[in-house]
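One structure is given below, encoded as structure tokens.
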Amino acid sequence: MTLAEMEPYYAKAEAKMGVTGTNNWPRLPGNNNFKVLKAGADKLGYKECHTGNMAINSVERDDRNSCQQTGFCFQGCKWGAKWSTLYTEIPKGEATGHLEVRPNSMAIKINHDASGKVTGVVYADKDGKLQEQKARIVAVAGNSIESPRLLLNSESSKFPHGLANSSGQVGKNYMRHTTGSVYAIFDKPVHMYRGTTMAGIIRDEARHDPSRGFVGGYEMETLSLGLPFMAAFLNPGGWGRSFTTALDHYDHMAGLWIVGEDMPREENRITLHKDEKDEHGMPIADVHFDDHPNDEAMRNHAYSQGQALYAAVGATRTFPTPPYPSTHNLGTNRMSEKPEDGVVNKHGQSHDIKNLFVSDGSQFTTGAAENPTLTIVTLAIRQADYIAAQMSAKTI
Ligand SMILES: Cc1cc2nc3c(=O)[nH]c(=O)nc-3n(C[C@H](O)[C@H](O)[C@H](O)COP(=O)(O)OP(=O)(O)OC[C@H]3O[C@@H](n4cnc5c(N)ncnc54)[C@H](O)[C@@H]3O)c2cc1C
Ligand code: SF4
């Protein structure tokens, strides 16, 4: 797949999501956390540092507010400024009369007929009662842990290793970005928690430049954690005066998050747990992930750049902070040109079963050094066009 093929769909996704810095929408103003980042970036000679391209309204649009800089982005934006399918796309879909959402339902198994075509989904409804929804096509979008779990759990005598899994690739190549953070304490207050949680980005390190001791690249993005989260993650297991004085200076902290390209590896994978099951009797996902030495080299480089950045603008202490539990789950139903190399083709259509699609980030073959949601939405819009064309042509 080429960038030229993707570009028109990226443009549609940016317009739909209201991405700042596109479509003549201004970027958001920088909060104090950003101002510290930018000052440090300038000292280190970084050239591409700005307040980013965010799916947050910088002006009123789409019948929604503009960002009020209140700082609760992770908790859910009460102002409706941040794009969220919950209050943007789903109500619009329902208004067409062609979308019905059945909340609190859990898909358990995808059924197929003797020819292998999928025919419907067995799900537990909100009361835990099993139902079957017949379907002409099925699109799986449970994210990169639950989507392979559902495909694997849909094994049958015809597909003994799960659906869409003739390549054996379902669940493999789980990626979650090479991450970590750097927090720094300053003499004067920063109040990093005011304004958007993520308020700016440095892109200079995203390039592929093996002279740094690793392949691929990473970005640095401002990040503010709430105080309880900070206490848990600043130095897990930390205690004593050094730790408590750091928390005492919470309002004097600035912080950044590292997001880099991690290696797709078959050993990092989702399988069905051998013994443990959920309340519906479905095996839970068993998640295995190890860092590659490249991930460690990249993270160490980013730690040292982040610490140098804050030291350059007067930080009195800096804290390289280990990765939090994963937020960017990717891979596990990878795209491939040849059926033997992956699960889906470039439209997210499974190689094995024409009317079965994967519509989330599990299609990714690599994670790149970039937050993934814009690309997930772009692929979904592109896939929707493809499905509509195939259905009209009666090929599925
Ligand atoms: C704290 C945090 C911060 C993030 N920040 C950013 C960011 O700044 N930028 C960015 O680009 N990305 C960010 N991400 C990643 C972003 O949230 C994901 O890329 C995005 O949500 C993926 O969308 P999705 O619809 O594919 O999956 P999800 O949003 O995970 O939705 C999957 C849905 O499927 C449902 N589901 C799963 N299995 C089943 C089943 N068997 N039956 C029925 N339903 C099922 C789940 O309940 C869920 O509602 C962040 C993630 C986290 C956790
Ligand atoms: S800062 Fe975050 S929570 Fe507050 S209005 Fe802006 S997007 Fe919403």
note = Given the candidates 362, 161, 380, the one whose Cα lies deepest towards the positive end of the charge dipole of the chain, counting +1 at each Lys or Arg C-beta and -1 at each Asp or Glu C-beta, is 380
note = Per the 1/(1 + (r/R0)^6) rule, R0 = 51 Å and r from the Cβ atoms of residue 126 and residue 248, FRET efficiency to 0.05 is 0.65
message = Once each part is reduced to its C-alpha centroid, what is the distance from the stretch 167-216 to the stretch 220-272 in angstrom?
response = 11
ask   = Carbon and sulfur atoms: what percent of the 1.4 Å accessible area of the stretch 285-395 do they account for?
value = 53
ask   = Can you give me the Cα centroid spacing of the stretch 1-60 and the stretch 285-306 in angstrom?
value = 25
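For residue 104 and residue 365, FRET efficiency with R0 = 35 Å and r from the beta-carbon atoms, rounded to 0.05? Don't jump to the answer; show the numbers that get you there.
Details: r = 33 Å, r/R0 = 0.94.
The formula returns an efficiency of 0.60 here.
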task = Take each uninterrupted DSSP H stretch in the chain, measure its Cα extent along the helix axis, and return the ones at 24 Å or beyond whose mean Kyte-Doolittle hydropathy is at least 0.0.
result = 373-392
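Defining a contact as two alpha carbons under 8 Å apart and six or more residues distant in sequence, what relative contact order in percent does the stretch 11-136 show?
Working: 158 pairs, mean separation 18.4, N = 126.
Once normalised by length, the contact order is 15 percent.
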request  = Report the charge-dipole magnitude of the chain in Debye, nearest 20, computed about the Cα centre from +1 at each Lys and Arg Cβ and -1 at each Asp and Glu Cβ.
outcome  = 600
query = Under a GNM of the chain (C-alpha, springs under 10 Å), which listed residue has the highest mean-square fluctuation: 97, 238, 76?
reply = 97
key: Listed peptides 145-155, 16-26 by packing density, highest first (mean Cβ within 10 Å)   = 145-155, 16-26
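Quick check: with the 1.4 Å probe, what order do 1, 253 take by accessible area, largest first? Could you put the intermediate results ahead of the total?
Values: 1 100, 253 0 Å².
Greatest to least solvent exposure: 1, 253.
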message = On a 22 Å Cα-Cα criterion, which of the cross-link pairs 158/277; 35/188; 109/274; 12/78; 158/346; 92/354 come out too long?
response = 158/277; 12/78; 158/346; 92/354
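What length, rounded to one decimal in nm, is gained on full extension from residue 61 through to residue 207, with 0.36 nm per residue of separation minus their alpha-carbon distance? Mind showing how you got there, number by number?
Details: separation 146, 0.36 × 146 = 52.56 nm, distance 3.38 nm.
Between residue 61 and residue 207, full extension yields 49.2 nm more.
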query = Distance in nm between label sites at residue 136 and residue 284, each 7 Å beyond Cα in the beta-carbon direction?
reply = 4.0
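Can you give me the % of accessible surface on the stretch 1-44 that is carbon or sulfur? Probe 1.4 Å, all protein chains present, nothing else counted. Don't skip to the answer; put the middle values down first.
Values: 1250 of 2330 Å².
Carbon plus sulfur share of accessible area: 54 percent.
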query = How much of the accessible area of the stretch 104-213, in percent, comes from carbon and sulfur atoms when a 1.4 Å probe is used?
reply = 50
task = Nearest 5 is fine: what % of DSSP beta bridges in the chain come out antiparallel, could you say?
result = 90
Farthest positive-ward along the chain dipole, Cα basis, beta-carbon charges - from 104, 90, 247 = 90
key: Shape category assigned to the stretch 236-299 from the gyration tensor of Cα positions, a/c cut at 1.5   = oblate
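So, R0 is 35 Å and r is the distance between the beta-carbons of residue 115 and residue 1; what FRET efficiency does that work out to, to 0.05? Each step should come with its number before you reach the end.
Numbers: r = 29 Å, r/R0 = 0.82.
Computed FRET efficiency for residue 115 and residue 1: 0.75.
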request  = State the extension gain, in nm to one decimal, for the chain segment bounded by residue 143 and residue 84, taking 0.36 nm per residue of separation less the distance between their alpha-carbons.
outcome  = 19.7 nm
inquiry  = Over the chain, with a Gaussian network built from C-alpha contacts below 10 Å, which listed residue (303, 218, 87) shows the highest mean-square fluctuation?
reply    = 87
note = With every protein chain kept in place and a 1.4 Å probe, the chain has an accessible area per residue in Å² of 47
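Please label the shape of the stretch 1-93 as rounded, prolate or oblate, based on the square roots a ≥ b ≥ c of the eigenvalues of the alpha-carbon gyration tensor (a/c under 1.5 means rounded; beyond that, a/b larger than b/c means prolate, else oblate).
Values: a/c = 2.45, a/b = 1.25, b/c = 1.96.
Because a/c hits 1.5 or more and a/b fails to exceed b/c, the stretch 1-93 counts as oblate.
Counting Lys +1, Arg +1, Asp -1, Glu -1, what net charge surrounds residue 255 among other residues with beta carbon under 15 Å of its beta carbon?
Neighbourhood net charge equals +1.
What net charge do the residues around residue 15 carry, taking every other residue with its C-beta under 12 Å from that of residue 15, with Lys and Arg at +1 and Asp and Glu at -1?
On the way: positive: 12, 16, 61; negative: 14, 62.
Within the 12 Å Cβ shell, the charges total +1.
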task = Return the single residue from 344, 122, 170 with maximal mean-square fluctuation; model: Gaussian network over the chain, springs between Cα atoms under 10 Å.
result = 122
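Quick one: pull the percentage of alpha-carbon pairs in the chain with a separation above 25 Å.
Details: 47809 of 78210 pairs.
So the pairs more than 25 Å apart make up 61 percent of the total in the chain.
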query = Which Cα, out of 238, 65, 256, lies furthest along the positive dipole direction of the chain (beta carbon charges, K/R +1, D/E -1)?
reply = 65
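What length, rounded to one decimal in nm, is gained on full extension from residue 277 through to residue 48, with 0.36 nm per residue of separation minus their alpha-carbon distance?
Working: separation 229, 0.36 × 229 = 82.44 nm, distance 4.76 nm.
Full extension of this stretch gives 77.7 nm more.
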request  = Treating only the Cβ atoms of Lys and Arg (+1) and Asp and Glu (-1) as charged, compute the dipole magnitude of the stretch 185-335 about its Cα centre; round to the nearest 20 debye.
outcome  = 480
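The values are calculated or read from the model by the stated rules, or taken from the named source; none is laboratory data. Just so we're clear, the structure is a prediction, and the values are computed from it rather than from any experiment. Using ideal geometry, Cβ is built from the backbone for each residue, glycine included, and neighbour counts are taken over all protein chains shown. Side chains included, ligands, DNA and RNA excluded: accessible areas come from the protein's heavy atoms. Shrake-Rupley method; radii C 1.70, N 1.55, O 1.52, S 1.80 Å.
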